[in-house]
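Scroll down for the structure; my scribbles are underneath it.
The values are calculated or read from the model by the stated rules, or taken from the named source; none is laboratory data. In this text the structure is predicted, and so the values were computed from the model without any measurement. We place every Cβ from the backbone using ideal geometry, glycine too, and count neighbours over all the protein chains shown. These area figures cover heavy atoms from the full protein model, side chains too; ligands, DNA and RNA do not enter into them. Shrake-Rupley method; radii C 1.70, N 1.55, O 1.52, S 1.80 Å.
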Amino acid sequence: QVQLVESGGGLVQPGGSLRLSCAASGSIFSINVMGWYRQAPGKQRELVARIINDGRTNYADSVKGRFTVSRDNAENTVHLQMNSLKPEDTAVYYCNADLSTAVRGPIYRYWGQGTQVTVSS
């Protein structure tokens, strides 16, 4: 069984910062990609940022220059540093990981339960 547990969400004023963290645990053999998605009310879930196990990163255009994704492969954790937050960043943020649980096993995508980020004055 694999679990992803997020932490770090909350309420912040526009221009402020938050740091989200996500820890993956369980029967994990290897993790290819870890990342963050978000879903605002009435909108589809969208990719925010992701980091591949070789360190390459991808960001949504709307967060480039403001958010930074990082990863600790030894601890199976991924972080999202969010700076210069805007009201439009308000959403539930979900951690995800594409991983395998066995040698040469298939890769599955796992999701965390989500953490609320609210940017408001």
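Some notes on this structure:
- Net charge over other residues, Cβ less than 11 angstrom from the Cβ of ASP98 (K, R count +1; D, E count -1): +2
- Evaluating 6.51 cos²θ - 1.76 cosθ + 1.60 at θ = phi - 60° for every residue in segment 35-51, the Karplus couplings come out as x, 10, 10, 9, 9, 8, x, x, 10, 7, 5, 10, 5, 9, 6, 8, 9 Hz, glycine and proline recorded as x.
- A 1.4 Å probe run over the protein chains yields, for the chain, 53 Å² of accessible area per residue, whole-number rounding.
- Backbone N under 17 Å from the GLN13 label point (7 Å along Cα→Cβ), restricted to segment 79-112: 83-88
- Full-stretch length increase - GLN3, SER84 - with 0.36 nm per residue and alpha-carbon distance subtracted: 26.2 nm
- Among the GluC sites (Glu not before Pro) within segment 17-121, those in coil by DSSP and having at most 11 neighbouring Cβ atoms inside 10 Å are GLU75.
- Gain on full extension, evaluated as 0.36 nm per residue between GLN39 and SER25 minus their Cα-Cα distance, stands at 2.7 nm.
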